[in-house]
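All remarks here apply to the structure that follows.
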Amino acid sequence: MRAHRVDTTRARTHAPGHIEPRGAEQRRLSRARLAGAAQERRRLARDLHDGVQNELVSLILGLSLAEDDRHTPPELAASLSVLRARAQSTLGAIREIAHGIRPPLLAAAGVIEALRAQAALTTVTVNLVGAVPRSSDNAEEAVYFACLEALQNVAKHARRAARVTLRLRYRDGRLSVRIEDDGGGFVHVRGREGAGLRNIRDRLASVGGKARISSTPGRGTVVTVALPWPAKGASRDFIPSGR
């Protein structure tokens, strides 16, 4: 009688009570959370398009008309011009979110330049250090949005005079990022993290990366990130930051 060969790999994978390896389970859960977030983002995109975008367009038009009015004093016209430019920038950012596309500067120039542009817009002082080659879209987006979330947390919770050092280091196909601030810090409890820190962990886990947060009241916060960084374009895309 001919023996039947058992596909042990399949049996192990689908056997009742099978437990996934911890890393694979975490990645699966992270992808599931991100998929749910994407669905919610599409709903919000519709709301943004129908509501906020239209209101901003009306605001920009009103500012422009007031700026060009011949009865408007020059000093007020200058202020209106600044407000109109900021409203236009906000409209552009909302349109990016609504359309679910990558930030144009990130797509065109990579993580360093995209983060440099965002750092210039924050209310705290950011020192950006390092240089990295271009990588996959998923890896670049994960790092960009994780760093952006960390910078926004500092701007939201720290004093205006706070300083942030954002250091990126690429070596042997991996990228490490250290985001350190001298703000007030907080008592960090892993199971009680806010949505911002959970978003950072989920984004990185989806590309095989990890994030670690350490904070002490009165001594600031440090966020460290590590992830695979598959280079594309080799030396052609390696653009030193000059810092």
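The values are calculated or read from the model by the stated rules, or taken from the named source; none is laboratory data. All values reported here derive from a predicted model rather than from experimental measurement. In this analysis, Cβ positions are derived from the backbone assuming ideal geometry, glycine residues included, and neighbour counts consider all displayed protein chains. Calculation scope for accessible area: heavy atoms of the full protein, side chains included, ligands and nucleic acids excluded. Shrake-Rupley method; radii C 1.70, N 1.55, O 1.52, S 1.80 Å.
Among the residues of the range 176-205, write down those that are in contact with a Ser or Thr (Cβ under 7 Å, 6 or more places away or on another chain), farther than 23 Å from Ala161 by Cβ and modelled with pLDDT under 85. Residue satisfying the conditions is Asp202 alone. For the range 118-143, which positions are within 19 Å of Trp229 (Cβ to Cβ), within 15 Å of the chain's Cα centre (by Cα) and either without any contact (Cβ under 8 Å) to a residue 24 or more places away in the chain or open to solvent by less than 10 Å² (accessible area, probe 1.4 Å) (or both)? Answer for the range 118-143, where residues must be within 19 Å of Trp229 (Cβ to Cβ), within 15 Å of the chain's Cα centre (by Cα) and either without any contact (Cβ under 8 Å) to a residue 24 or more places away in the chain or open to solvent by less than 10 Å² (accessible area, probe 1.4 Å) (or both): Ala139, Glu140, Ala142, Val143. For the range 148-176, the set of residues classified as in contact with a strand residue (DSSP E or B) (Cβ under 8 Å, 6 or more places away or on another chain) and open to solvent by 100 Å² or more (accessible area, probe 1.4 Å) consists of Arg163, Arg167, Arg169, Arg174, listed by residue number.
Here is a list of conditions, (1) touching a helix residue (DSSP H, G or I) at 6+ places or on another chain (Cβ under 6 Å); (2) modelled with pLDDT of 80 or more, and Ser241 meets all of them except one; can you say which number that is? Here Ser241 clears every test but (2).
Here is a check on your reading of the model: is Gly218 open to solvent by 20 Å² or more (accessible area, probe 1.4 Å), out of contact with any His (no Cβ under 9 Å at 6 or more places or on another chain), at pLDDT below 90 and not aromatic (Phe, Trp, Tyr)? In short, yes. For the range 76-132, a residue qualifies if it is assigned to a loop (DSSP other than H, G, I, E, B) and at pLDDT 90 or above, and the qualifying residues are Gly110, Gly130, Ala131, Val132.
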